[in-house]
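Report on the following structure.
The values are calculated or read from the model by the stated rules, or taken from the named source; none is laboratory data. Predicted model, so just to flag it, every value in this text is computed and none were measured. Reconstructed Cβ throughout: ideal geometry from the backbone, glycine too, with neighbour counts over all protein chains shown.
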Amino acid sequence: MNPRDTIVAISTPLGRGGLGVVRLSGDRSREITESILHFPHGPRWLAWTSELAALVDDTNAIVDQVIVSFFEKPRSYTAEDVIEISCHGAPVVLRLCLERAVNAGARIAEPGEFTLRAYMNGRIDLPQAEAVRDLIEATTLYQARVAAQQLEGSVSRRIRPIKEQLLELISLLEAGIDFAEDDISVAPPEEILRRLGPIKSSLEELIASFGAGKLVYQGFTLAIAGRPNVGKSSLFNRLLEQDRAIVTEIPGTTRDTVSEATSMEGVPVKLVDTAGIREGKDLVESLGIERSYQAIADADLTLLVLDLSTGVTEEDHTLLEKLRDRRPVIVANKCDLKPRATGDWIRVSALTGEGISNLREVILRRLAPEGLAAPESGSITNIRHEALLRESSEALENARKAVEFQIPHEMLLLDLYAALRPIDAVTGATTADDILNRIFSTFCIGK
């Protein structure tokens, strides 16, 4: 990708719509736009304004009336001249606009190239660039809020003081080496350890936020298991808030797993309703039970449903023993009926909805014991960031051990620089080109 090229792409989703946007960025944006559009009174190119124009074909016949918005460098998204042409959303019109721009000298943008240019031109840092992708891909409002805060720099703000403290320590040790011939001890072991402590603590706190952050973006899979006719499918429908699974009084109605996507407190959830687990009476039911066990094994958390109205049966005890290692949440269903058993269970009624809100809270507490962080907290949600910060933390631990063993400062500095490099890779200060290409290739074209 030549950064001096003027690039063009359709920035709206494929298909028909009321509007479609073609975006250009680069030094020749205005020149190319003037060659493919007719302006009634000539283009004025006033920054942050829009004006009417006509899209014409090769014969100068008018194809569409368009709105042209101009964002002048350096206050545009890419810090280059950016032009957005809003056409009617017919694919043939958008394709014509794109083809004419390419024929006039623009290059079709690679995936994420507009955001890559914003990063390369210093408009945003790397965590902000990745937040753009996360915001586009958000499926819940909570995800969008977290991504919006990261786009505003919440992660960068938490990393910046850690990096500054580490740089101060490195500078102190470098100065000590420079003045070694003068017998000036600028960094005794106690002082180094005093400075290392807060750096490592802050880094560990940021790493710990990944547990809840990962949950926000990756979501989780929740399997609902139990013996036949305890109300698994009714609970599935209640959590889903729609009638998705067939519910009857006949045991063994669910013969196969049924899955559906929903959310809890903004966290994406894949709900899996499994076949009732018992001794299979025929081949089909046996295969369904086998798939139930597989769904339980694949799930992040399992709800084991009991029937309060019938009490705990031998089949329930057998299931409890089999699933003990999975640490399931025990849900006592049909609490609206006369109970025949008591225990330390989550009491719910899939029929009336009683206890369902409490069950949702229990599920989220099990998966995020520290709770979901506020969007503005700057939690780590990206597995790349988490891996790099762990690498940095390990290097700091090596540095601490080096101080305790009185390793020379020249060798200690190697560990400190090893801790600094992953932090720089998070913010993009020392990121290699191949890493950049991998990150931005996951963006949609036109962004």
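Go through the stretch 231-247 and report how many residues are in contact with a helix residue (DSSP H, G or I) (Cβ under 8 Å, 6 or more places away or on another chain) and either buried (at least 24 other Cβ atoms within 10 Å of the Cβ) or among the aliphatic types (A, V, I, L, M) (or both).
Residues in the stretch 231-247 being in contact with a helix residue (DSSP H, G or I) (Cβ under 8 Å, 6 or more places away or on another chain) and either buried (at least 24 other Cβ atoms within 10 Å of the Cβ) or among the aliphatic types (A, V, I, L, M) (or both): 4 in total.
Residue under question is ALA350, and the condition is that it be surrounded by 15 or more Cβ atoms within 10 Å (Cβ to Cβ) and part of a loop (DSSP other than H, G, I, E, B); does it hold?
Numbers: surrounded by 15 or more Cβ atoms within 10 Å (Cβ to Cβ): yes; part of a loop (DSSP other than H, G, I, E, B): yes.
So ALA350 passes the test.
Restricting the stretch 98-118 to residues that are part of a helix (DSSP H, G or I) and among the aliphatic types (A, V, I, L, M), which is surrounded by the fewest Cβ atoms within 10 Å (Cβ to Cβ)? Step through it out loud before you land on a result.
Taking the stretch 98-118 as the starting set, the residues that turn out to be part of a helix (DSSP H, G or I) are 98-103, 113-118.
Adding the requirement that they be among the aliphatic types (A, V, I, L, M) leaves 98, 101-102, 116, 118.
Working: LEU98: 20, ALA101: 27, VAL102: 14, LEU116: 23, ALA118: 24.
Looking at residues that are part of a helix (DSSP H, G or I) and among the aliphatic types (A, V, I, L, M), I get VAL102.
In this structure, does GLU84 turn out to be acidic (Asp, Glu) and either outside the structural domain of ILE383 (by TED's automatic domain parsing) or buried (at least 19 other Cβ atoms within 10 Å of the Cβ) (or both)?
Working: acidic (Asp, Glu): yes; either outside the structural domain of ILE383 (by TED's automatic domain parsing) or buried (at least 19 other Cβ atoms within 10 Å of the Cβ) (or both): yes.
In short, yes.
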Open item on the list: Please verify whether VAL92 is aliphatic (A, V, I, L, M) and assigned to a strand (DSSP E or B), treating the condition exactly as stated.
Closed with: no
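Take the conditions surrounded by fewer than 19 Cβ atoms within 10 Å (Cβ to Cβ), modelled with pLDDT of 90 or more, more than 34 Å from the chain's Cα centre (by Cα) and farther than 24 Å from VAL267 by Cα and apply them to LYS338. Does it pass?
So LYS338 fails the test.
Could you pull out the residue among ASP27, ASP5 that is surrounded by 14 or more Cβ atoms within 10 Å (Cβ to Cβ) and within 14 Å of GLU80 (Cα to Cα)? Show your work before the answer.
Values: ASP27 fails: surrounded by 14 or more Cβ atoms within 10 Å (Cβ to Cβ).
Result: ASP5 is the single residue among ASP27, ASP5 that is surrounded by 14 or more Cβ atoms within 10 Å (Cβ to Cβ) and within 14 Å of GLU80 (Cα to Cα).
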- [ ] Restrict the check to the stretch 294-310 and report whether at least one residue is among the polar types (S, T, N, Q), loosely packed, with under 15 Cβ neighbours inside 10 Å and farther than 30 Å from LYS214 by Cβ.
- [x] no
TODO: Give the stretch 266-287 a look and list any residue that's part of a loop (DSSP other than H, G, I, E, B), more than 13 Å from GLY226 (Cβ to Cβ) and modelled with pLDDT of 75 or more, or say none.
DONE: GLY266
- [ ] Taking the residues in the stretch 231-257 that are under 32 Å from the mean Cα position of the chain (by Cα) and modelled with pLDDT under 85 as candidates, determine which candidate is nearest to TYR142 (Cα to Cα).
- [x] GLU241
Task: Scan of the stretch 192-217 for residues that are without any contact (Cβ under 8 Å) to a residue 12 or more places away in the chain and not small (Gly, Ala, Ser), ordered by number - done: ARG194, GLU205
Open item on the list: Contact list please: Cβ distance under 7 Å, first residue in the stretch 146-168 and at pLDDT below 90, second residue assigned to a loop (DSSP other than H, G, I, E, B) and exposed (fewer than 15 other Cβ atoms within 10 Å of the Cβ), pairs at least six apart or on different chains.
Closed with: none
- [ ] Kindly indicate whether any position in the stretch 79-88 is of a type in the set (Val, Ile, Thr) and not in a strand (DSSP E or B).
- [x] no
TODO: Could you check, for the stretch 27-43, whether at least one of its residues is of a type outside the set (A, V, I, L, M), in a loop (DSSP other than H, G, I, E, B) and under 22 Å from ILE445 (Cβ atoms)?
DONE: yes
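From the list GLY428, GLY378, GLY355, which one is of a type outside the set (S, T, N, Q), surrounded by 15 or more Cβ atoms within 10 Å (Cβ to Cβ) and in contact with a strand residue (DSSP E or B) (Cβ under 7 Å, 6 or more places away or on another chain)? Working first, answer last.
Numbers: GLY428 fails: in contact with a strand residue (DSSP E or B) (Cβ under 7 Å, 6 or more places away or on another chain); GLY378 fails: in contact with a strand residue (DSSP E or B) (Cβ under 7 Å, 6 or more places away or on another chain).
After applying the criteria, what remains is GLY355.
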TODO: Considering only residues that are at pLDDT 85 or above and among the charged types (D, E, K, R), look in the stretch 200-230 and name the one that is surrounded by the most Cβ atoms within 10 Å (Cβ to Cβ).
DONE: ARG227
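Only residues that are surrounded by 17 or more Cβ atoms within 10 Å (Cβ to Cβ) and part of a helix (DSSP H, G or I): list them for the stretch 311-322, please. Give the steps one after another, and end with the answer.
From the stretch 311-322, those surrounded by 17 or more Cβ atoms within 10 Å (Cβ to Cβ) are 312, 316, 319; that's our starting set.
Of everything in the stretch 311-322, those that are surrounded by 17 or more Cβ atoms within 10 Å (Cβ to Cβ) and part of a helix (DSSP H, G or I) turn out to be ASP316, LEU319.
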Task: Residues of the stretch 54-86 satisfying the condition of being free of Cβ contacts under 8 Å to residues at least 24 places away in the same chain and touching a strand residue (DSSP E or B) at 6+ places or on another chain (Cβ under 9 Å) - done: ALA54, VAL56, ASN60, GLN65, ILE67, SER69, LYS73
Open item on the list: Checking the condition more than 22 Å from the chain's Cα centre (by Cα) and at pLDDT below 90, which residue from THR381, THR442, THR430 passes?
Closed with: THR430
